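Data first, discussion second: the structure below is written as structure tokens.
The values are calculated or read from the model by the stated rules, or taken from the named source; none is laboratory data. Keep in mind it's a predicted model, so treat the numbers as computed, not measured. In this analysis, Cβ positions are derived from the backbone assuming ideal geometry, glycine residues included, and neighbour counts consider all displayed protein chains. Remember, those area values only see protein heavy atoms, side chains included, never the ligands or the DNA or RNA. Shrake-Rupley method; radii C 1.70, N 1.55, O 1.52, S 1.80 Å.
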Amino acid sequence: MVTHQIPGTARYDGTILPFVEAVKEITNGRLIIEPYGADILFPTNDSFDMVKNGVVEMGAIYTGFWTGKDPVFALGGGTIPGDPITGFDEHFYRSDQLEPIMNKAYEKFGIKNLGAFDYAPPEILISRTPIESIEDFKGKNIRAAGVASQFYGELGASAISLSAPEIYTGLQLGTVDAAEYNDFLVNGEMGLDEVTKYVIDPAIHVGPSTDKELIVNPKAWEELPEDLKAAVYVARDKVRYESAIAYGVESKKAEAAWRDNPDIEFIELPEEDIKEMRKIGFELVLEYKEESGLSKEYVEEYARVLNELGYVEEAETLGYQE
């Protein structure tokens with residue numbers, strides 16, 4: 001199994017390792033999954049085709065890496081600019097409601113999707129230079145992936161593609177002015193607080209999301225007996241639960257440490273700019289309705305879920321009607 005996360009961070013040690021250990025324990029050693037972190041076997045961006053072609057049997061990877069395959073992958077996992085959803089309960093409910101659409105998307109390309117793997121708190125935007133208003137995004141080079149690349153482009157910034165291990169050096173050398181990656185906890189574990197001067201709050205691009213979808217090679221999956229397939233799902237759900245609790249609490253603790261760091265300044269964007277950025281984000285989401293049949297279906301179902309959860313105004317903005 002490959003993942004985009006780095007060994008030694010909570011998103012790897014707190015999810016990938018417990019998952020493979022749970023599978024081993026539940027199956028009494030009949031099914032062993034060998035994990036590999038970011039870029040160890042091959043570049044993360046190649047993982048889609050490597051799983052599809054059976055070079056590796058499984059991946060636990062963020063869907064935004066596959067935007068070039070179908071636009072729906074840019075929205076998968078809840079990486080939706082302007083998203084009002086909060087907390088892991090609403091997030092996983094949305095994930096379960098939208099999973100059938102993501103299953104169809106992966107199936108279209110010859111991959112089996114096993115659904116949301118774990119919980120990711122809202123990402124943060126870290127920067128070498130002050131960004132104090134929506135106007136300050138213009139001309140900046142920002143590390144971003146998936147739909148975030150387009151979102152920051154709409155704000156006048158240039159999106160730069162960097163894999164996780166490259167972000168530290170990118171900020172250190174000034175290859176990028178700012179970067180959006182994970183939450184306070186994981187970014188701190190990666191040492192990104194050492195090369196960060198400013199945290200721009202809030203990062204409008206994404207609220208709580210699925211850090212990894214669990215995908216498998218269909219042939220390898222079908223060769224497993226039913227009880228081993230069930231064990232994989234049980235282990236997945238164990239990681240969902242543990243990540244939702246651990247990340248939610250530990251990320252808050254990590255944020256406190258970042259705020260106590262005298263070398264880092266937190267900048268709160270003006271309320272009117274936040275409102276405008278959310279509007280831009282939803283306009284971008286609406287554009288996705290025209291990009292593919294699957295992305296249209298995804299946006300419409302997402303709008304229905306927002307309405308069901310009480311985000312009526314946001315749902316109507318996306319075209320939802322009773």
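From Cα pairs below 8 angstrom and at least 6 apart in sequence, can you work out the relative contact order of the stretch 210-322, rounded to a whole percent? Provide the component values of the computation, followed by the final result.
Details: 39 pairs, mean separation 13.3, N = 113.
Across the stretch 210-322, relative contact order equals 12 percent.
Counting only heavy atoms of protein chains, what accessible area per residue, in Å², does the stretch 245-322 have with a probe of 1.4 Å? Provide the component values of the computation, followed by the final result.
On the way: 4600 Å² over 78 residues.
Per residue, the stretch 245-322 has an accessible area of 59 Å².
Once you have all Cα-Cα distances for the stretch 173-236, histogram them in 10 Å bins from zero and send the whole-percent values.
Answer for the stretch 173-236: a P(r) of 14, 33, 19, 20, 13, 1 percent.
Most fluctuating residue of Thr86, Thr63, Thr44 in a GNM of the chain with Cα springs under 10 Å: which is it?
Thr86
Considering the Cα positions of the stretch 255-322, please state its Rg to one decimal place and its Dmax as a whole number of Å.
According to the Cα coordinates of the stretch 255-322, Rg and Dmax are 16.8, 51 Å.
Nothing charged except the Cβ atoms of Lys and Arg (+1) and of Asp and Glu (-1): what's the magnitude of the dipole of the chain about its Cα centre? Round to the nearest 20 debye.
On the way: 29 positive and 59 negative charges, 187 e Å.
For this selection, approximately 900 debye.
Answer with one residue from Asn45, Ser161, Ala203: the one whose Cα lies farthest towards the positive end of the charge dipole of the chain, charges on Cβ with Lys, Arg +1 and Asp, Glu -1.
Checking the options against the dipole of the chain, the answer is Asn45.
Inverting the mean 1/r over all pairs of different Cα atoms, compute the Kirkwood radius of the stretch 176-322 and quote it in Å.
That comes to 18.9 Å for the stretch 176-322.
Dimensions of the chain along principal axes (Cα, Å, largest first)?
56, 48, 32
Any idea how far apart Glu301 and Asn45 come out in nm if each label point goes 7 Å out from Cα toward Cβ?
Computed distance between label sites Glu301 and Asn45 equals 2.8 nm.
Per the helix-only calculation at 222 nm, which mean residue ellipticity applies to the chain, given -39500 (n - 2.57) for every DSSP H run of n ≥ 4 and division by its residues, nearest 500 deg cm²/dmol?
On the way: 13 runs with 148 residues, N = 322.
Taking each H run of at least 4 residues, the total per residue is -14000 deg cm²/dmol.
Between Val147, Ile126, His91, whose Cα lies farthest towards the positive end of the dipole of the stretch 85-153 when Lys and Arg beta carbons carry +1 and Asp and Glu beta carbons carry -1, centred on the Cα centre?
Val147
Given a cut-off of under 8 Å on Cα pairs at least six residues apart, what relative contact order in percent is computed for the chain?
Values: 613 pairs, mean separation 80.9, N = 322.
That works out to 25 percent.
Please compute P(r) over all alpha-carbon pairs of the stretch 64-115, binned at 5 Å starting from zero, and give each bin as a whole-number percent.
4, 20, 29, 25, 15, 7, 1
Relative to the Cα centre, what is the charge dipole magnitude of the stretch 73-145, using +1 at the beta carbon of each Lys and Arg, -1 at the beta carbon of each Asp and Glu, and rounding to the nearest 20 debye?
For the stretch 73-145, the charge dipole is close to 420 debye.
May I have the pair-distance distribution P(r) for the stretch 110-204, computed from all Cα-Cα distances with 5 Å bins from 0 and rounded to whole percent?
Reading upward from the zero bin: 3, 14, 24, 25, 18, 8, 5, 3, 1.
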